[in-house]
């Protein structure tokens, strides 16, 4: 049962609480943790599942003893809604990256797109993006990428429970994905664009649910501030 946080007491947080935040665009997940650590004066604050700065939505913030549940929370199923743009490739496979190629977008019907995404449902092997926090010989991949280094990346098993096409207004496709831990939505956009022969990048992304924690019940930073009491 998910709690409703109409009032958030600092003393309660120190006993160990999990609060879903609606991460704003432009913030890193660490920015949110750092902000709430400063506001609450709780020394031990963490998050379960990083969101890229351009992405928004559910970010589970764990206070005090609840940080022991981070690994368990990260295993929960996740749901995202987003938009990919066909015809353009970026080095990070998302809107923040440098454009590396542009191609003409073919005339695709909704049915063709729906059929194409079926390839990416179920248990699949996914090659992670170079611009990711995964490590290779102790170094983050994004550090290597920024230095122009390329490494052979090993495909990793992930599960895509559903991949629904919500709207098609070429060159953009709006979608919803339910998936397992470790899934890169940017990589789905990259791979689908390659299948269509025109490339694609992830333009928007919003995490709408983590397990039972839905974005409708998540607090904005401002709401958290307004409800915080001693």
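Taken together, the values in this text are just the output of simple stated rules run on the coordinates, not laboratory data. Everything quoted here is computed from the prediction, not taken from an experiment. Cβ: placed from backbone, ideal geometry, glycine included. Neighbour counts: every protein chain shown.
Given the options 156, 174, 190, which has the most mean-square fluctuation in a GNM of the chain, springs set between C-alpha atoms less than 10 angstrom apart?
156
Of 164, 94, 12, which has the largest mean-square fluctuation in a 10 Å C-alpha GNM of the chain?
12
Could you tell me, in Å, what Rg and Dmax come out for the Cα atoms of segment 14-56?
Reported Rg and Dmax, both Å: 10.5, 32.
Mean separation of Cα pairs under 8 Å and 6+ residues apart, divided by the residue count of the chain: what relative contact order is that in percent?
Reported as a whole number, the value is 30 percent.
Under 19 Å from a point 7 Å along the Cα-to-Cβ line of residue 161: which residues of segment 81-98 have their amide N that close?
81-82
Per the Kirkwood formula on distinct C-alpha pairs, the Rh of the chain is how many angstrom?
In the chain this quantity evaluates to 18.8 Å.
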